[in-house]
Amino acid sequence: MKKKIFFIKKLKSKRKIVCLTAYSKPITKILDKHCDIILVGDSVATAFYGMKNTRLISFETIINHSISVSKAIKKSTLVIDMPFKTYRNYSLAKKNVKKIFKKTNCDAIKIESNGKNSSIISKLVKSGYPVMGHIGFTPQFKKKFQPQGMSLKDEKKLIVESLKIEKAGAFSLVLECVSESVAKKITKILRIPTIGIGSSKFCDGQILVTDDLIGISGFYPKFVKKYLSLDNILNKAIKRFKQDVIKNRFPKKINAY
Ligand code: KIV
């Protein structure tokens, strides 16, 4: 097994796993110092491009952002989200995954579960491509936001699904907006680490969309903790620039040739 993937799996019994999303080199340069996993998420569709949903992002766009991100990766594990419809069957998935690995130098890809695609994960893993699973609220397949695992029936479904994905060989599993008690149970049952987003402190690691955490996305559901109001800081800086330009205080002689 690849060294970085082995390291992430081992962390389950040692300490919490730190993960964030990135879409570009400058941000990745900062995140790489602090994160175990950096995900080029298909959230780039909504957070960066202002698209209506994550299903709209193209394969080429994810690849371009991943190439940018990979330029700043020194130590963290780079995982790339497979966009909607790029892994509908194994042969399509293999062709696209092969392309992503070749073009981006990533360590793994992430696949959202639709409850039926664990055999694709299994075949990709057997072909040598590390896969991160993703269950719970999976935006590519569930249009309306709803916390998951709120009924006994749903709990059973999620547990069965998580075991299937582990059996398929995934090295970790994202739990998105899964109820606290179900996230706790899945984390206890699985040998691979669970990475939570909106799924309580009981997961083995946590992931957030960086743009939410730094306060530039304007999207702050209750599972997001806004660590910074970068929007306010940027506003102040841009306002100062505007005033300097209007009042002819910038550029100065030292800024000219
Ligand atoms: O696309 C994304 O950013 C994700 C995370 C929210 C897990 O899938």
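Check each of the trypsin sites (Lys or Arg not before Pro) in the stretch 29-74 and keep only those in coil by DSSP with at most 16 other C-beta atoms within 10 angstrom; list them in order.
Lys33, Lys52, Lys71, Lys74
Any chance you could count the Lys pairs in the stretch 124-172 whose alpha carbons are under 25 Å apart, treating pairs 8 or more apart or on different chains as valid?
20
Figure the gain on full extension for Asn114 and Lys3 (residue separation times 0.36 nm, minus the Cα-Cα span) and round it to one decimal in nm.
37.1 nm
Spin-label point model (7 Å from Cα, Cβ direction): what's the Lys25 to Leu92 distance in nm?
Here the modelled spin labels are 3.3 nm apart.
Using a probe of 1.4 angstrom, how much of the accessible area of the chain is carbon and sulfur, in percent?
Of all accessible area on the chain, carbon and sulfur atoms account for 58 percent.
In the full protein assembly as shown, how much of Met51 is accessible to a 1.4 Å probe, in Å² to the nearest 10?
60 Å²
Taking a probe of 1.4 Å, how large is the accessible area per residue of the stretch 47-168, in Å²?
Dividing the accessible area of the stretch 47-168 by its residue count gives 52 Å².
If we count every other residue with Cβ under 14 angstrom of Glu161's Cβ, Lys/Arg +1 and Asp/Glu -1, where does the sum land?
Once all neighbours under 14 Å are counted, the net charge is +3.
So how strong a dipole does the stretch 2-229 carry about its Cα centre when Lys and Arg Cβ are +1 and Asp and Glu Cβ are -1, to the nearest 20 debye?
Dipole about the Cα centre, nearest 20: 720 debye.
Which of the trypsin sites (Lys or Arg not before Pro) found in the stretch 157-208 are loop residues per DSSP with 14 or fewer other Cβ atoms within 10 Å of their Cβ?
In loop regions of the stretch 157-208 (DSSP not H, G, I, E or B), the sparsely surrounded trypsin sites (Lys or Arg not before Pro) are Arg191, Lys201.
Is it possible to state the helix-based mean residue ellipticity at 222 nm for the chain, with each DSSP H run of 4+ residues giving -39500 (n - 2.57), the sum divided by total residues, to the nearest 500 deg cm²/dmol? What is it?
Using -39500 (n - 2.57) per qualifying helix, the result is -12000 deg cm²/dmol.
Multiplying the sequence separation of Lys239 and Ser127 by 0.36 nm and subtracting their Cα-Cα distance, what value in nm do you get?
35.0 nm
The values are calculated or read from the model by the stated rules, or taken from the named source; none is laboratory data. In this text, all values refer to a predicted model and were calculated from it rather than measured experimentally. Backbone-built Cβ (ideal geometry, glycine too); neighbour counts: all protein chains shown. Surface areas here come from the heavy atoms of the whole protein model, side chains and all, with no ligands, DNA or RNA. Shrake-Rupley method; radii C 1.70, N 1.55, O 1.52, S 1.80 Å.
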